[in-house]
Amino acid sequence: MIFLVGTRESNMKNGSILNEKCPNCGAQDDLYFSIYKRYTHITLFPLFPVGKSVYIKCSQCNKNFDYEDLSEIAQLQLRNEKLDNSLWMFSGSIIIALFLIFTIYSYFEKKDEAGILIKNPIQGDVYNLKLNNGYYSNMRIDKITTDSVYATLNDFDAYMPNEIDDLNKPENYSNRKVSYSRKDLIKLYQENQILKITQKNVNGFSN
């Protein structure tokens, strides 16, 4: 997915300043104004406002001019104009913040779950591993005894941790056998070399 970052303007309010002298033609009449807010966005999601623009037009000569060209009284009136609620301009930032909170919460929830499962290995468990060479892979638990755990390593490695689950296919486990004491297995988990444990319950569904 391609993310496009940029800025846009949104019209927040239109109105008129009554009986104000035009800086261009000198007519004492109404001046029309439009107030826009600029905001930063990523693709279609607004992140936060970054500024405001005011466009002014004379009702007599139709000349456009800047906010700075107005009298101090007219400038004060525009500054005091109440704009519509622009909370939606932060919607993208709110979504990103909620996503980060959810991701962090899910990480620690799975970490707590893995901390329980590592102490109670079951035949068929699949452990997602961080290897010493910087790659990632799986191992499948084949046998558990009172003191030791026997497993088969996956024949393939992944470059990124989010790719590990894709390696977990029966045909990817052959004869790369390993064994650990229960104490060493817990140590691997504590050293963050075991990232995730997928355990099958008695009905064959994964947790």
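Taken together, the values in this text are just the output of simple stated rules run on the coordinates, not laboratory data. This structure is a prediction, so every number in the text was calculated from the model and none was measured. Note that we place each Cβ from the backbone using ideal geometry, even for glycine, and neighbour counts take in every protein chain shown.
Couple of notes before you dig in:
- Charge dipole (Cα centre; +1 on Lys/Arg Cβ, -1 on Asp/Glu Cβ; no other charges) of the chain amounts to roughly 560 debye.
- Its residue count N sets the reference 2.2 N^0.38 Å, and the alpha-carbon radius of gyration of the range 129-168 equals 1.29 times that reference.
- Among the chymotrypsin sites (Phe, Trp or Tyr not before Pro) in the range 122-203, those located in a DSSP loop and surrounded by at most 12 other Cβ atoms within 10 Å of their own Cβ are 159.
- The alpha carbons of the range 1-91 give a radius of gyration and a Dmax of 15.8, 55 Å, in that order.
- The reciprocal of the average 1/r between distinct C-alpha atoms defines the Kirkwood hydrodynamic radius, which for the chain equals 22.7 Å.
- For residue 119, the aspartates and glutamates whose Cα falls under 14 Å of its own Cα, not counting residues fewer than eight places away in the same chain, are 147, 184.
- Inter-probe distance in nm under a simple model that places probes 7 Å from Cα toward Cβ, at residue 64 and residue 171: 6.4 nm
- A simple spin-label model places the labels of residue 119 and residue 32 7.4 nm from each other, with each point 7 Å out along Cα-to-Cβ.
- Sparse-neighbour loop sites [trypsin sites (Lys or Arg not before Pro); the range 47-90; at most 14 other C-beta within 10 Å; DSSP]: 63, 82
- Low-density loop positions, trypsin sites (Lys or Arg not before Pro), the range 114-207 - DSSP coil, at most 14 other Cβ in 10 Å: 119
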